[in-house]
There are 2 protein chains.
Amino acid sequence: MADQLDLAPDSQKDENRLDKENRLKPGFVRRVLASLEDGVEESTYDLVEPLHPADIADLFELIDNENRPALAEAITDLLGADVLSELNDYVREDIIEFLPAEQVAELAGQLETDDAVAIIEDLDAADQQAVLEELEPEDRAAIEDALSYPEESAGRLMQRDLVAVPQHMTVGQLIDYLREHADLTTEFWEIFVVDPGHHPVGTCQLSWIMRTPRDVELGDVMKREQTLIPTDMDQEEVALRFQKYALISAAVVDESGRLVGQITVDDIIHIVQEEAGEDILRLSGAGEGDINQPIVESYSSRVRWLVANLGTAVVASAIIALFGGAIENMVALAVLMPIVASIGGNAGTQTMAVAVRALAMNQLTQSNTARIILRELRVAALNGLTIAVLIGIATALIFANPMLGWVIALAMIINIIIAGLAGVLVPVVLDRLEQDPAVASSVFVTMITDSMGFFAFLGLAVASGMVQL
Amino acid sequence: MADQLDLAPDSQKDENRLDKENRLKPGFVRRVLASLEDGVEESTYDLVEPLHPADIADLFELIDNENRPALAEAITDLLGADVLSELNDYVREDIIEFLPAEQVAELAGQLETDDAVAIIEDLDAADQQAVLEELEPEDRAAIEDALSYPEESAGRLMQRDLVAVPQHMTVGQLIDYLREHADLTTEFWEIFVVDPGHHPVGTCQLSWIMRTPRDVELGDVMKREQTLIPTDMDQEEVALRFQKYALISAAVVDESGRLVGQITVDDIIHIVQEEAGEDILRLSGAGEGDINQPIVESYSSRVRWLVANLGTAVVASAIIALFGGAIENMVALAVLMPIVASIGGNAGTQTMAVAVRALAMNQLTQSNTARIILRELRVAALNGLTIAVLIGIATALIFANPMLGWVIALAMIINIIIAGLAGVLVPVVLDRLEQDPAVASSVFVTMITDSMGFFAFLGLAVASGMVQL
């Protein structure tokens, strides 16, 4: 691997700074911290200067909160808009607080609207106002317009700079137009063709245009089928369209269908990463799960989840309490009961993870719900039988009590099948109720598998006549 | 929302087929199934014909296994390469088994190498051979070459069709060259500039070229800094580079640094989705977690996980067994002990999810591990205190036993702090040992929080003198 990477022209100088997985080396980070401590700003600057903006952003994230202002001061020149837009939200807020509003405004002015909005939307109202006032009127209008759309909507996400031309324009005229208008954006991968009312009628990939003779009209090269994104579409939905139709860019239209912006795939890739990664954090109740989040915020989102789980654990305990007499008469029940609950919980979590992913990716819809439930029940039955045989035989032998073996085996089958059913049904029902299945599913599923695990095992023990209540 | 969507020129006809989240409506799927049952192939064809290839792929996924061959037969003309490449792997295998090798070869020949490889790599050896033999020699060589690289590597992922030109070529010459060579790919967003040895020296976005006068040399417009991808780089690593540097396409180089292919962002977006979604499935032991996977495969990957968890549950049981005497003397211990273990497990899972995500996104590296461990310990201490107060007071009141309240409160703090520590340390250590932290972390963390939960609670109960062993 190292061999091939050396061939990259810029990697030779990078090898002291980046490891083979392209992360900043701990030794390099330590050198930067040491030079910050020495207080010689030039030496810090020289160290950081060769880094790519994305790596400078990583550097800020890797060092301690307290060292960030000093680093920002030492490398002010390098702290460009491209670094800011790559920074983690929390770390960016930290740094922006130290920068004067004019500098933030200057940085925001250099960015595409969407990236500028990402920086400004997280500021508190007063800072936001201060930065907006420093902006050029045109940039300011664009950013204020973007901020008027709801968070995580296409309107926030889109950039207003795009190339829109009429249908009767020829390829030659388009190329001349692009060459003459130096103020146009360079961030475009497709040309949007619009009618006189500025409604999109088609798109042209740049590669098609470059391969077409000058005298051909765009209307004859363009693709008429387009995916139009309304400004109020949620970003997760936008990302699903990009994936489904393999888009590079898409036109954003307002309520009257006029072209108002474009969304490009480089912004979508972050959203796909975020949304797919969010489910794991939500399912486990870890809130945003950002390691840069202030401790108190992490605490408050996580403790709420633990309190909810405390509630479900108390329900399970209440069921155990019903069988207190049986446990007193046969303490083996107390030893074995957590096994039934725990394996049921794991089986439920497996099915739930599968269902939550399938829902998020639009693979589990009303059309196939019944089939998928049946499928999961079959897998659960196989799992239940396997685990039941193992634990049943082991219990019968270890406790020299065949009846106890039968009881735990049967309880295990019951609980794993219930877990499989709950694992699909809970997320599906939450989804139908327009709730995010990733957020609430696991509280319900755990409550069901814990309670049913204890109830089935202790209940069967009493019902078998093996032990008195 | 419905209002805006109506403005899309193609959505008017779509509204009977797609719901507002762009999924096929259950009613439409039922109509297709009904027409398949009637056996009139034309009516099925007419229903399906207006669908986008990505929606035809969805239709195959939504209907039952047994109906897929009939649908494939009814719409043979529509079953193009673009449908196949959008299909879920398992469903595609199902369908390809019914198609004659020549038809599969014809479909594969229409695709870019990377998509053709995706279709062919999943076939068993005999089918693969049959399809390869039917391919045009050129396509066959390209696909065989791709198959020679390891699965999930850049070599598999890349397409061989690209535009590579020398540095001294002018913009005008490039445009003429593109116009004259009709056989060149249209799937490109950047031009690769190479030296005489075919080593990449720079890239040009098409938009830059279109805005530059005809007589300028490409060497003067191109960007020299590039991210070069070696053929053996893992696809997850490739996806991280695309994200970090906001790439649209990237050059793939062989061991001697020669340009051999390109990777474009539309292929990366699927990988980002897959890799980010995989973690949730791995953490919960759900294997691939694909709802289209054959039941026996799902069973075999999930049951292994449940057996591993059975092992950890038995360890926890063994600890309870040590305190059998105490439980016999005070059955309240059996009622309360699952609460301590369960909340500890949840707290551990939260931290673990955060750590696994941060590791996957290169945010948690050697440089900040110590800081993050300290951070998680602080959050754990706050969580532990909060839950301890709640459960301690409730227990003291309900059981009218203040000492029992103190014991459970203290046990809870201990277990939540241990959970926080284990939640970071286990994934970090697995990562250092080059193991996937998402796969094995949760078995270890659960074992630690279960065992420590029971041990701390029952041990403290005995140590407090409240109950005899």
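Remind me, relative contact order of segment A:222-280 in percent, using alpha carbon pairs under 8 angstrom and six or more residues apart?
Working: 58 pairs, mean separation 18.8, N = 59.
Computed over segment A:222-280, the figure is 32 percent.
Between rounded, prolate and oblate, where does segment A:295-463 land on the alpha carbon gyration tensor, with a ≥ b ≥ c its root eigenvalues, rounded for a/c under 1.5, else prolate if a/b exceeds b/c?
Numbers: a/c = 2.66, a/b = 1.44, b/c = 1.84.
Oblate, because a/c is 1.5 or more while a/b does not exceed b/c.
Quickly rank B:124-136, A:92-104, A:417-429 as a protection proxy: mean count of other C-beta atoms within 10 Å, highest first.
Working: B:124-136: 15.0, A:92-104: 17.2, A:417-429: 23.5.
The packing order, highest mean first, is A:417-429, A:92-104, B:124-136.
For segment A:236-285, what does the equivalent ellipsoid look like in terms of its semi-axes, each the square root of 5 times an eigenvalue of the Cα gyration tensor, given largest first in whole Å?
Working: eigenvalues 134, 30, 14 Å².
Over the Cα atoms of segment A:236-285, the ellipsoid semi-axes are 26, 12, 8 Å.
Give, as a single signed number, the net charge of other residues whose beta carbon lies under 11 Å from the beta carbon of A:Val193, with Lys and Arg counted +1 and Asp and Glu -1. Could the numbers behind the result be given before it?
Details: positive: A:Lys223, A:Arg224; negative: A:Glu190, A:Asp195, A:Glu217, A:Asp220.
That sum, taken over residues with Cβ under 11 Å, equals -2.
Could you give the angle, 0 to 90 degrees to the nearest 10, between helix A:137-147's Cα long axis and the longest principal axis of the Cα atoms of chain A?
It is inclined by approximately 20 degrees.
Does chain A come out rounded, prolate or oblate by the C-alpha gyration tensor, with a ≥ b ≥ c the root eigenvalues, rounded set by a/c under 1.5 and, if not, prolate when a/b is larger than b/c and oblate if not? Write down the numbers at each step before the final one.
Details: a/c = 2.58, a/b = 1.74, b/c = 1.48.
Cα axes put chain A in the prolate bin.
Let me have the 222 nm mean residue ellipticity of chain B computed from DSSP H runs of 4+ only, each contributing -39500 (n - 2.57), with the sum over all residues rounded to the nearest 500. Kindly include the intermediate steps, with their values, before the conclusion.
Details: 24 runs with 302 residues, N = 469.
My calculation for chain B gives -20000 deg cm²/dmol from helical runs alone.
Can you sort A:Met403, B:Met233 from fewest to most other Cβ atoms within 10 Å of each residue's own Cβ? If you can, show how the numbers build up before the last one.
Numbers: A:Met403 16, B:Met233 22.
Result, fewest neighbours first: A:Met403, B:Met233.
Put a label point 7 Å from Cα along the Cβ direction on B:Ser300, then list its distances to the equivalent points in the other copies in nm, shortest first.
5.0
Give the long-range amide H neighbours of B:Ser367: residues separated by 5 or more places, or on another chain, with amide H under 5 Å away, using H modelled in the peptide plane at 1.01 Å from N.
It is none; the list stays empty.
Using Cα positions and a limit of under 29 Å, work out the lysines in reach of B:Lys20, with same-chain residues fewer than 8 apart set aside.
Answer for B:Lys20, where 29 Å is the Cα cut-off: A:Lys223, A:Lys244, listed by chain and number.
Which distances in nm, rounded to one decimal and ordered from shortest, link the label point of B:Asp77 to the equivalent label points in the other identical copies, with labels set 7 Å from Cα toward Cβ?
Copy-to-copy label distances at B:Asp77, shortest first: 6.6 nm.
Would you mind checking the tilt of helix A:235-244 against the longest principal axis of the Cα atoms of chain A, expressed as 0 to 90 degrees and rounded to 10?
That works out to roughly 90 degrees.
Equivalent-ellipsoid semi-axes (√(5λ), Cα gyration tensor) for the protein assembly as shown, whole Å, largest first?
Numbers: eigenvalues 535, 249, 130 Å².
Each semi-axis is the square root of five times an eigenvalue, giving 52, 35, 25 Å.
Could you go through segment B:283-297 in sequence order and give the Karplus-derived ³J(HN,Hα) for each residue, using 6.51 cos²θ - 1.76 cosθ + 1.60 with θ = phi - 60°, rounded to whole Hz, and x for Gly and Pro?
Using θ = phi - 60°, the values come out as 4, 9, x, 9, x, 6, x, 9, 6, 9, 5, x, 4, 5, 5 Hz.
Distance between the C-alpha centers of segment A:123-173 and segment B:284-321? Whole Å please.
50 Å
To make sure I understand the rule: partners must be aspartates and glutamates, Cα under 12 Å from the Cα of B:Lys25, and not fewer than 8 residues away in the same chain. Which ones qualify?
Within the straight-line limit of under 12 Å, B:Lys25 reaches these aspartates and glutamates: B:Asp14, B:Glu15, B:Asp55, B:Asp58.
Could you work out the local net charge near B:Ala321, counting Lys and Arg as +1, Asp and Glu as -1, over the other residues with Cβ closer than 14 Å to its Cβ? Provide the component values of the computation, followed by the final result.
Working: positive: none; negative: B:Glu328, B:Asp450.
Local charge sum for B:Ala321: -2.
Among A:Arg357, A:Arg211, which comes first, then next, by fewest other beta-carbon atoms within 10 Å?
On the way: A:Arg357 27, A:Arg211 19.
Lowest count first: A:Arg211, A:Arg357.
Neighbour counts of other C-beta atoms within 10 Å: give me A:Phe454, B:Phe457, A:Phe188 arranged from fewest to most. Please report the intermediate quantities before stating the final value.
Working: A:Phe454 29, B:Phe457 26, A:Phe188 22.
Exposure proxy ranking, most exposed first: A:Phe188, B:Phe457, A:Phe454.
For chain A, give me the percentage of DSSP beta bridges that are antiparallel, rounded to the nearest 5 percent. Don't skip to the answer; put the middle values down first.
On the way: 15 of 20 bridges.
Among the beta bridges of chain A, antiparallel pairing accounts for roughly 75 percent.
From the phi angles alone, apply the Karplus equation (6.51, -1.76, 1.60; θ = phi - 60°) to segment A:74-82 and give each ³J(HN,Hα) in whole Hz, x where the residue is Gly or Pro.
5, 10, 2, 4, 7, 7, x, 4, 5
Any idea what angle helix B:53-62 forms with the longest principal axis of chain B, computed on alpha-carbon atoms, 0 to 90 degrees, nearest 10?
Value to nearest ten degrees: 40.
Can you give the relative contact order of segment A:2-157 as a percent, counting alpha carbon pairs under 8 Å and 6+ residues apart? Display every interim value, and only then the final one.
Numbers: 130 pairs, mean separation 23.4, N = 156.
In percent, rounded to a whole number, it is 15.
Considering every residue in A:171-177, what mean count of other chain Cβ atoms within 10 Å of its Cβ is obtained?
Mean partner-chain Cβ count within 10 Å for A:171-177: 2.
Below 8 Å, C-alpha to C-alpha, sequence gap of six or more: please give me the relative contact order for chain B in percent.
Working: 608 pairs, mean separation 48.0, N = 469.
Relative CO of chain B lands at 10 percent.
Per residue of B:37-46, what is the mean number of Cβ atoms on other protein chains within 10 angstrom of that residue's Cβ? It would help to have the intermediate numbers written out before the result.
Details: counts 0, 0, 0, 0, 0, 0, 0, 0, 0, 0.
What the average comes to for B:37-46 is 0.
How large, in Å, is segment B:205-273 by the Kirkwood hydrodynamic radius built from its alpha-carbon pairs?
After inverting the pairwise mean of 1/r, the radius is 13.4 Å.
Just the number, please: percent antiparallel of the DSSP beta bridges in the protein assembly as shown, rounded to the nearest 5.
Numbers: 30 of 40 bridges.
If I count the DSSP bridges inside the protein assembly as shown, around 75 percent turn out antiparallel.
At 4 °C and a viscosity of 1.567 mPa s, what translational diffusion coefficient does Stokes-Einstein give for segment B:50-166, taking Rh as the Kirkwood radius over Cα pairs? Give it in µm²/s as a whole number.
Values: Rh = 14.7 Å.
After rounding, the answer is 88 µm²/s.
I need two numbers for segment A:164-283: Rg to one decimal and Dmax as a whole number, Cα atoms only, in Å.
In Å, with Rg to one decimal and Dmax whole: 16.1, 57.
Once you average over the residues of A:229-238, how many Cβ atoms of partner chains fall within 10 Å of each Cβ?
Numbers: counts 3, 6, 1, 2, 5, 2, 0, 1, 4, 0.
Counting other chains' Cβ atoms within 10 Å and averaging over A:229-238 gives 2.
Each value in this text was obtained by applying a stated rule to the coordinates, not by laboratory testing. This structure is a prediction, so every number in the text was calculated from the model and none was measured. Here Cβ is always computed from backbone atoms with ideal geometry, including for glycine, and neighbour counts include all displayed protein chains.
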